[in-house]
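**Q** I'd like to ask you about the structure that follows.
Since every read-out is calculated from the coordinates, none of them should be taken as a lab result. Please read all numbers here as calculations on a predicted model, not as lab measurements. Note that we place each Cβ from the backbone using ideal geometry, even for glycine, and neighbour counts take in every protein chain shown.
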Amino acid sequence: MKILITGGAGYIGSTVTDLLIEQGHTAVVYDNLSHGRRELTPAGVEFVEGELSDRAKIEKVFNLARDAHQPFDAVLHFAALIEAGESMQKPELYFRNNTASTLALLEAMLACGPKRLVFSSTAAVYGEPETVPILEDARLAPTNAYGHSKLLVEQMLTWLHRIHGFAYASLRYFNVAGAAETAEGIVRGESHEPETHLIPLLLDVALGRRACIRIYGDDYPTPDGTCIRDYIHVADLADAHLRALDALLAGRGQQAPLVYNLGNGKGFSVREVVESARRVTGHAIPAEVQPRRPGDPAVLVASSEKAMRELGWKPRYTELDGILRTAWTWHQRRYRA
Ligand SMILES: NC(=O)c1ccc[n+]([C@@H]2O[C@H](COP(=O)([O-])OP(=O)(O)OC[C@H]3O[C@@H](n4cnc5c(N)ncnc54)[C@H](O)[C@@H]3O)[C@@H](O)[C@H]2O)c1
């Protein structure tokens, strides 16, 4: 397969690019480097620095490939801004970058690119769930602008499917974590700038890069009062992408869009994650409780039964300590060097 990977210089996109290359496929990374790093692109992979909203540039990438008789088979679309907190201060930024810019990509695909897409959606499209674990047909009612910017893309995609037969898989990731092991060891992992995700923040404290971890709210209706989330290992997530691509290339997705939750089906509270980080790093990791953040649902846990049934997918990392250990290995490698 030949795949265009938007946002491939980021955490998840670069991990999936690695897996594609390892399995003998060809990838081209397209990223504006606003939050990614060029050096994350695996050796031998073509990198195009470009803005998602630049339809002409994306069309050029598609046309050059077609003229060289090596057209793209599909697009993996990771490029997005991902901070729920920031989206509640600057919603317009999220609707511009994540929604409007995605429309430019979709227009370029309709004009001269492949008509198959795997979209990085998010558990944030559900908002506060009515029942857990969450099934794909649950009510979609985001509680933050980030989640809504992704839901709008899903809605655009349904119309492109209905009217143009555009085939897509929308993968609703829960909390992605950990670092993938490759033949060269653990060479990439999670880091965002600025960092807002719990696990890398905890590991920063363990390395002395931050003084303490902030727990946002301990008065939620959960057993220990802190939010509960479902953590999926990035290697399991990458595997699901390859399976979704295979399904699209096999013609599934023509009759109906493929929409899957991707989580490991277990929920862990913020306090449980803190405890796990203490065990794995051997560091005391001081914590301080802060008020709740707006737009944070109390519990987000996936049912990924559908992905398991239809894609034959099964997460390998189901325990928190196992996920944390891979993250810790990479974090030390990146920041202790
Ligand atoms: N990390 C998670 O836990 C999580 C959970 C659910 C969904 N997701 C989704 O997965 C995708 C990847 O997330 P990540 O954690 O790897 O984030 P990341 O910030 O590491 O990667 C995103 C990449 O997209 C690029 N990008 C952003 N806007 C762009 C634009 N307008 N044009 C071109 N490139 C642009 C950035 O430079 C960056 O390299 C995102 O779509 C995110 O919404 C992530």
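**Q** Based on the Cα gyration tensor of the chain, what are the three equivalent ellipsoid semi-axes, each the root of five times an eigenvalue, rounded to whole Å and given largest first?
**A** Details: eigenvalues 198, 101, 69 Å².
Its equivalent ellipsoid spans semi-axes of 31, 22, 19 Å.
**Q** Just the Cα atoms of the stretch 56-189, one point each, no solvent: what log10 I(q)/I(0) does Debye give at q = 0.17, 0.18, 0.19 Å⁻¹?
**A** Log10 of I(q)/I(0), two decimals: -1.01, -1.07, -1.13.
**Q** Hey, can you grab everything whose amide H is under 5 Å from the amide H of Tyr216? Only 5+ residues off in sequence or another chain; H modelled, so Pro and N-termini drop out.
**A** Counting only residues 5 or more places away or on other chains, the set is Gln290.
**Q** Moving on. Under 5 Å between amide H atoms, partner at least 5 residues away or on a different chain: which partners does Tyr173 have, H built in plane at 1.01 Å?
**A** Under 5 Å from the amide H of Tyr173: Ser121, Thr122, Ala123, Leu262.
**Q** Which percent of the Cα-Cα distances in the stretch 271-324 go past 16 Å?
**A** Tail fraction, whole percent: 63.
**Q** Next question. Summing -39500 (n - 2.57) over the DSSP H runs of n ≥ 4 in the chain and dividing by its residue number, what mean residue ellipticity at 222 nm do you reach, to the nearest 500 deg cm²/dmol?
**A** Calculated mean residue ellipticity at 222 nm is -11500 deg cm²/dmol.
**Q** Give me a comma-separated list of calculated 3J(HN,Hα) values for the stretch 203-216, in order, Karplus coefficients 6.51, -1.76, 1.60 applied at θ = phi - 60°, integers in Hz, x for any Gly or Pro.
**A** Calculated HN-Hα couplings, in order: 5, 4, 5, 4, 8, x, 8, 9, 7, 7, 9, 9, 9, 8 Hz.
**Q** Okay, moving on. Can you tell me the 0 to 90 degree angle between the C-alpha axis of helix 320-336 and the longest principal axis of the chain, rounded to 10?
**A** Computed tilt is about 80 degrees.
**Q** Moving on. With unit charges on the beta carbon (Lys/Arg positive, Asp/Glu negative), name the residue among Leu157, Gly263, Leu140 whose Cα is farthest towards the positive pole of the charge dipole of the chain.
**A** About the Cα centre, the residue reaching furthest to the positive side is Leu157.
**Q** Could I ask something else about it? Taking the Cα centroid of the stretch 142-202 and of the stretch 1-51, what is the distance between the two, rounded to the nearest whole Å?
**A** Cα centroid of the stretch 142-202 versus Cα centroid of the stretch 1-51: 15 Å apart.
**Q** Using the Cα gyration tensor of the stretch 1-119, with a ≥ b ≥ c the square roots of its eigenvalues, what is the shape: rounded (a/c below 1.5), prolate (a/b larger than b/c) or oblate (neither)?
**A** In terms of gyration-tensor shape, oblate.
**Q** Moving on. Could you work out how far helix 234-249 tilts from the main Cα principal axis of the chain, as a 0 to 90 degree angle to the nearest 10?
**A** Rounded to the nearest ten degrees, it is 20.
**Q** Residue by residue through the stretch 301-313, which ³J(HN,Hα) values in whole Hz follow from phi under the Karplus form 6.51 cos²θ - 1.76 cosθ + 1.60 (θ = phi - 60°), with glycine and proline marked x?
**A** In residue order, the calculated couplings are 10, 8, 9, 10, 3, 5, 5, 5, 5, 8, 9, x, 8 Hz.
**Q** Would you mind checking Lys115/Lys266; Lys60/Lys314; Lys150/Lys266; Lys60/Lys115 for any pair whose Cα atoms are more than 28 angstrom apart? Can you show the working numbers first?
**A** Details: Lys115/Lys266 34 Å; Lys60/Lys314 38 Å; Lys150/Lys266 24 Å; Lys60/Lys115 16 Å.
Over 28 Å apart, Cα to Cα: Lys115/Lys266; Lys60/Lys314.
**Q** Between Ala307, Ala183, Ala111, which gets the highest mean-square fluctuation from a Gaussian network model of the chain, Cα cutoff 10 Å?
**A** Sorting by GNM fluctuation, first place goes to Ala183.
**Q** Whole percent per 5 Å bin, from 0 to the bin with the longest distance: what is P(r) over all C-alpha pairs of the stretch 223-324?
**A** 2, 12, 17, 18, 16, 13, 9, 6, 4, 2, 0
**Q** How big is the Cα convex hull of the stretch 202-268 in projection, averaged over all directions, in nm²?
**A** 7.2 nm²
**Q** Can you give me the C-alpha center-to-center distance between the stretch 79-93 and the stretch 303-318, rounded to a whole angstrom?
**A** 29 Å
**Q** I've got another one for you. Taking H as built 1.01 Å from N, whose amide H comes closer than 5 Å to the amide H of Val299, not counting residues under 5 places away?
**A** Ile228
**Q** So if I place +1 on the C-beta of Lys and Arg and -1 on the C-beta of Asp and Glu, and nothing else carries charge, what would the dipole magnitude of the chain be about its Cα centre? I want it in debye, nearest 20.
**A** 220 debye
**Q** How do Cys212, Cys112, Cys227 line up, fewest other C-beta atoms within 10 Å first? If you can, show how the numbers build up before the last one.
**A** On the way: Cys212 12, Cys112 17, Cys227 25.
Least crowded to most crowded, the residues run Cys212, Cys112, Cys227.
**Q** I would also like to ask the following. May I ask you to work out the translational diffusion coefficient for the stretch 140-253 at 25 °C, viscosity 0.890 mPa s, via Stokes-Einstein with Rh from the Kirkwood sum over Cα pairs, reported in whole µm²/s?
**A** Working: Rh = 17.5 Å.
For the chosen part, D equals 140 µm²/s.
**Q** Something else: Order by neighbour count: Thr281, Thr226, fewest other Cβ atoms within 10 Å first, most last.
**A** Ranked by crowding around the Cβ, least crowded first: Thr281, Thr226.
**Q** When Glu154, Glu46 are ordered from fewest to most other Cβ atoms inside 10 Å of their Cβ, what list results?
**A** Numbers: Glu154 18, Glu46 13.
Least to most surrounded, the residues fall as Glu46, Glu154.
**Q** Output ³J(HN,Hα) for the stretch 112-117: one whole-Hz value per residue in order, computed from phi by the Karplus curve 6.51 cos²θ - 1.76 cosθ + 1.60 with θ = phi - 60°, and x for Gly and Pro.
**A** So the J values, rounded to whole Hz, are 7, x, x, 9, 9, 9.
**Q** Shifting gears a bit: If one takes the longest principal axis of the Cα atoms in the chain, at what angle in degrees, from 0 to 90 and to the nearest 10, does the Cα axis of helix 145-164 lie?
**A** Approximately 30 degrees, to the nearest ten.
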